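Down below is the structure, laid out as structure tokens.
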Amino acid sequence: MGEAHDLASVPTDVLLCDTFSQVPEDGNALSLLLTKTQLFVQSLSAASSGSLRTSFLLSDCISCRAFRGKDPKDIGGYLKVIFYPLRGMLGATTYRQRISRTFRTEISRDREQNLNLAKTWAQKICQLSDEQGHPRLLPSSPRFLVLLNPRGGTGKALTLFETHVMPMLTEANAHFTLLVTERPNQARELVQEQDLSAWDAIVVMSGDGLMFEVINGLMERPDWAKAIKKPLAILPGGSGNALAASINHYSGHQQVTGTKLLTNCAFILCRGHPVPLDIVSLTTSSQQRIFSFLSLAWGFISDVDIESEKYRFMGYARFSVGTFVRLTALRTYRGRLSYLPAVSLSEEGDTTSNIPDSSDSVQGSSSDSLESQALEDSLLAPLDQPVPSHWQTVEDQFVLVLALYQSHLGAEHFTAPMVKGPGEGNIHLFYATSRISRTSLIKLFVAMEKGTHLDQEIPHLSHVPVVAFRIEPSESTGIMTVDGEVIECSPIQGQIHRGLANVISVG
């Protein structure tokens with residue numbers, strides 16, 4: 001919301017202009033001015049000298065409706081508008097905060113005429129609000145399937161949904177079906193088996209583990225190629241909340257945590273549109289196929305993630321405690337890391353990308369049905385064979401290996417600041433060898449909170465954008481995780497499929 005404007009800032013592209021008063025009434029007449037992008041509210045009292053006092057961006061509007069007063073004798077027409085602008089104290093982090101304004105008009109003694117004027121304003125504001133930015137793509141009254149894990153994070157997800165998300169969905173005229181999960185893999189089985197046509201998007205309120213279930217459930221369907229295109233949305237309700245923090249970042253918001261992040265993500269759900277989301281296809285030595293939207297970790301990061309589970313009651317602080325504990329007894333893991341860089345240099349010196357398009361990864365002719373198609377990992381050789389000769393290989397004693405495809409590894413870990421969107425087609429491979437010092441690791445994780453770690457010299461830490469990789473541990477020791485979920489520590493490889501899924505974001 002803007003501050004006071006002088007007369008020189010009076011808009012010239014006014015589409016509607018009428019006199020209202022604010023409810024509760026303060027005795028002052030107001031002039032409402034509507035442009036293609038903003039709603040201006042100007043006091044007409046003598047004390048205000050006619051200056052414009054406030055303005056609201058229509059891109060921040062989630063609800064506008066017209067209605068009659070409760071008193072049958074009240075002939076006024078009413079207009080209620082709800083905005084979620086970015087606000088914050090001077091120098092403080094901004095986040096979405098609710099502002100509701102109700103206006104009353106009485107241009108005549110005809111009750112219907114007053115109501116019709118309010119309806120004209122409501123319809124125009126809704127229309128212009130929908131036209132802001134990218135096309136909405138979702139219906140104006142979307143239907144959401146909300147999957148909520150009540151045990152995620154500190155166990156308050158259901159309460160937070162009821163107090164912070166439900167009111168906003170109601171105001172935005174969104175309809176939802178809420179399913180509170182009662183056991184592991186319940187969400188995976190549901191999206192694998194159910195007819196999903198009744199919903200416009202699947203919303204996950206949990207940590208990243210429940211989104212992992214949903215994506216793998218969708219990919220296990222016979223019609224996976226269609227099902228994986230169902231728009232997904234994330235609301236933070238766990239400890240890590242990496243995808244929520246990433247979507248928050250891509251949507252132009254500052255890094256926040258807790259209920260501030262939840263409010264931002266709820267606003268994105270109400271105002272956003274589907275955008276491409278990269279999926280990494282992983283294959284283990286036991287031929288298990290896993291689909292990942294966030295990361296694969298081996299070593300220090302996965303050790304901290306899983307071993308800090310005992311501190312889950314602390315919320316996100318569990319990771320700080322876990323990091324300190326693991327630094328006191330640092331482990332190393334011998335193995336081989338191989339990868340295909342995201343960009344290669346041709347003989348002519350032209351930069352060429354190794355990124356395959358997701359549409360080229362579906363095996364089968366155009367006459368094949370969706371049931372007979374398979375997602376092909378065209379960049380990978382079988383795990384029991386050597387990697388292709390043009391790959392690069394590092395064999396060493398590692399402290400950590402991390403393959404990350406989103407900007408954040410957690411709500412306070414801005415690990416890949418170079419990532420600007422969820423569908424860029426790169427895997428950001430980070431690895432540190434045993435020669436890295438504890439001091440450097442502390443420096444790394446402190447700087448990672450603000451995303452400044454890549455601007456500093458941290459010896460024995462490497463970062464390479466890749467499109468495919470293979471990890472071959474020398475021993476089956478240590479913890480390996482995919483999207484925060486533990487898997488068997490064994491040889492594993494994967495490649496990225498650019499834009500295979502869709503996630504709701506705000507440009």
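The values are calculated or read from the model by the stated rules, or taken from the named source; none is laboratory data. Source: prediction; values computed, not measured. All Cβ positions, even for glycine, are placed from backbone atoms using ideal geometry, and neighbour counts span all protein chains on display. Each accessible area value is taken on the protein alone, full model and side chains, heavy atoms only, with ligands, DNA and RNA left out. Shrake-Rupley method; radii C 1.70, N 1.55, O 1.52, S 1.80 Å.
Report the accessible area of Val343, computed with a 1.4 Å probe over the heavy atoms of all protein chains in place, in Å² rounded to the nearest 10.
Per-residue accessible area (Val343): approximately 90 Å².
If DNA, RNA and ligands are ignored and the probe is 1.4 Å, what is the ranking of Arg470, Arg498, Arg136 by accessible area, most exposed first?
Ranked from most to least accessible, the order is Arg498, Arg136, Arg470.
Starting with the highest mean, order 289-301, 141-153 by the number of other Cβ atoms within 10 Å, averaged over the residues of each peptide.
289-301, 141-153
For segment 172-225, what does the relative contact order come out to in percent, with C-alpha contacts under 8 Å and a separation of six or more?
Value for segment 172-225: 43 percent.
For a protection proxy built on the mean count of beta-carbon atoms within 10 angstrom, sort 234-242, 215-223, 165-173 highest first, please.
Packing proxy ranking, top to bottom: 234-242, 215-223, 165-173.
Using only alpha carbon pairs under 8 Å that are at least six residues apart, calculate the relative contact order of segment 67-203 and give it in whole percent.
This gives 21 percent for segment 67-203.
Go through Leu86, Pro142, Ile279 and say which Cα lies farthest out towards the positive end of the charge dipole of the chain; charges sit on Cβ, +1 for Lys and Arg, -1 for Asp and Glu.
Leu86
At 1.4 Å probe size, with no ligands or nucleic acids counted, give the accessible surface of Glu162 in Å², nearest ten.
100 Å²
Quick one: dipole size for the chain, taken about the Cα centre, charges +1 on Lys/Arg Cβ and -1 on Asp/Glu Cβ, in debye to the nearest 20.
1780 debye
Under 25 Å from the Cα of Lys420, which lysines turn up, not counting those fewer than eight places away in the same chain?
Output for Lys420: Lys229, Lys230, Lys260, Lys443, Lys450.
Ordering Tyr405, Tyr78 from largest to smallest accessible area (1.4 angstrom probe), what's the sequence?
Largest accessible area first, the list is Tyr78, Tyr405.
On a full-extension model of 0.36 nm per residue, what is the gain between Thr93 and Ser45, subtracting their alpha-carbon distance, rounded to one decimal in nm?
Between Thr93 and Ser45, full extension yields 13.8 nm more.
Seen from all sides and averaged, what is the projected area of the convex hull of the Cα atoms in segment 12-122, in nm²?
Spelled out: convex hull of the Cα atoms, projected over all directions, averaged, 8.2 nm².
Keeping all protein chains in position, work out how much accessible area His390 exposes to a 1.4 Å probe, and write it in Å² to the nearest 10.
Surface accessible to solvent at His390 totals approximately 120 Å².
Which of Gly425, Thr452, Pro388 sits closest to the plus end of the dipole of segment 372-454, meaning its Cα is farthest towards the positive end, when Lys and Arg get +1 and Asp and Glu get -1 on the C-beta?
Farthest towards the positive pole: Thr452.
With contacts defined as alpha carbon pairs under 8 Å and 6 or more residues apart, what's the relative contact order of the chain in percent? Walk me through the numbers before you get to the answer.
Numbers: 1140 pairs, mean separation 74.6, N = 507.
Relative contact order comes out at 15 percent.
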